[in-house]
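> Sharing a structure here in structure tokens format.
Rule-based calculations on the coordinates, nothing more; no lab input. Given the structure is predicted, the values throughout are model-derived calculations rather than measurements. For neighbour counting, all protein chains shown are included, and Cβ atoms are generated from backbone atoms with ideal geometry for every residue, glycine included.
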Amino acid sequence: SQQGEEDPQALSIQEGENATMNCSYKTSINNLQWYRQNSGRGLVHLILIRSNEREKHSGRLRVTLDTSKKSSSLLITASRAADTASYFCATRPRAGGTSYGKLTFGQGTILTVHP
Amino acid sequence: GAGVSQSPRYKVAKRGQDVALRCDPISGHVSLFWYQQALGQGPEFLTYFQNEAQLDKSGLPSDRFFAERPEGSVSTLKIQRTQQEDSAVYLCASSLVQGQSSYNSPLHFGNGTRLTVT
């Protein structure tokens, strides 16, 4: 079963606009990661935020984490047509046992950026 | 450098056939993961290796699924007596570090094997 739920399921915007995707999860985490997947390809890691961090930036990406609400958001600023892809959040559980190997993914948000 | 390589890229199997999917991780990567991704869904965890040891196989859906990594490098996911519900993309991912450090280590994914069972 999947840990996270992402919202919206699909997002369609114009080039230059900002895109915001949200992720909610259920259990305590060590960190939360965002991945991107182009059609027919594997996932590519974008950014990781630890449970003791609230906000992180990488280029045009901004990620926030609210552990009290068990939610995260990914903001892509000044979007480009090349940003068109599916975006997934993934969580790593708290340390302990052998579960540290298990990165659990959400359902994903399909982002379409129109030129 | 070379990324994670998976073969075949596409596999069509008749129901009841056995299939073997191969994963070549990034050289030197200790951790290796298999995920199953149904159409329009996120990847679902299948199993995890640290070197040659299979530390977690809790996601394997049935005893028809078997994974191995005998020398701690290449891994094979085998599905016996395939069923239509096995149709999916099978993704392999590797990670450089192990143990507690792996918590903050991203996964590097291959492009997957698309399995279609007819």
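> Of all trypsin sites (Lys or Arg not before Pro) in the stretch B:1-91, which ones are in loop regions per DSSP and have a Cβ with at most 12 other Cβ atoms within 10 Å? Could you put the intermediate results ahead of the total?
Values: sites: B:ARG9, B:LYS11, B:LYS14, B:ARG15, B:ARG22, B:LYS57, B:ARG64, B:LYS78, B:ARG81; in loops: B:ARG9, B:LYS14, B:ARG15, B:LYS57, B:ARG64, B:ARG81.
Listed in order of number, the matching sites are B:ARG9, B:LYS14, B:ARG15, B:ARG81.
> Cα atoms only: what Rg and Dmax, in Å, come out for the protein assembly as shown?
Cα radius of gyration and Dmax of the protein assembly as shown are 17.5, 50 Å respectively.
> Something else about it: Identify the GluC sites (Glu not before Pro) of the stretch B:31-103 meeting these criteria: DSSP loop state and at most 10 other C-beta atoms within 10 Å of the C-beta.
Details: sites: B:GLU44, B:GLU52, B:GLU68, B:GLU71, B:GLU85; in loops: B:GLU52, B:GLU71.
Within the stretch B:31-103, the qualifying GluC sites (Glu not before Pro) (loop, at most 10 other Cβ atoms within 10 Å) are B:GLU71.
> How many Cβ atoms of partner chains, on average, are near each residue of A:38-45 if near means within 10 Å of its Cβ? List each step's numbers first, then the result.
Numbers: counts 1, 0, 5, 4, 16, 13, 5, 7.
Mean shielding by partner chains, rounded to a whole number: 6.
> Setting aside same-chain residues fewer than 8 positions from B:LYS11, which lysines have a Cα under 16 Å from its Cα?
Once the sequence-local lysines are set aside, what remains near B:LYS11 is B:LYS78.
> Now a separate question. Highest GNM mean-square fluctuation, chain B, Cα pairs closer than 10 Å: which of B:PHE65, B:PHE33, B:PHE49?
Ranking B:PHE65, B:PHE33, B:PHE49 by mean-square fluctuation puts B:PHE65 first.
> What are the lysines whose alpha-carbon lies under 29 Å from the alpha-carbon of A:LYS69, with same-chain residues fewer than 8 places away excluded?
A:LYS26, A:LYS56, A:LYS102
> Any chance you could list the semi-axes, whole Å, largest first, of the equivalent ellipsoid that the Cα gyration tensor gives for the stretch A:5-114, using √(5λ)? Before the final figure, lay out the partial values.
Working: eigenvalues 118, 42, 27 Å².
Working from the Cα gyration tensor, I get semi-axes of 24, 15, 12 Å.
> Still on this structure, I have one more. Please list, in chain and number order, the residues 5+ apart from A:LEU43 or on another chain whose amide H is under 5 Å from its amide H, with Hs placed from the backbone.
B:PHE109
> Let me ask you something else. Report, to one decimal in Å, the Kirkwood hydrodynamic radius for the stretch B:5-98 based on all distinct Cα pairs. It would help to have the intermediate numbers written out before the result.
Working: mean 1/r = 0.0745 Å⁻¹.
Every distinct Cα pair counted, the radius reaches 13.4 Å.
> Fewest Cβ neighbours within 10 Å first, please rank A:SER28, A:SER86 accordingly.
Working: A:SER28 11, A:SER86 20.
Least crowded to most crowded, the residues run A:SER28, A:SER86.
> Per residue of B:41-50, count partner chain C-beta atoms within 10 Å of its C-beta, then hand back the mean as an integer. Each step should come with its number before you reach the end.
Values: counts 6, 17, 12, 4, 9, 0, 2, 6, 1, 3.
The shielding value for this peptide is 6.
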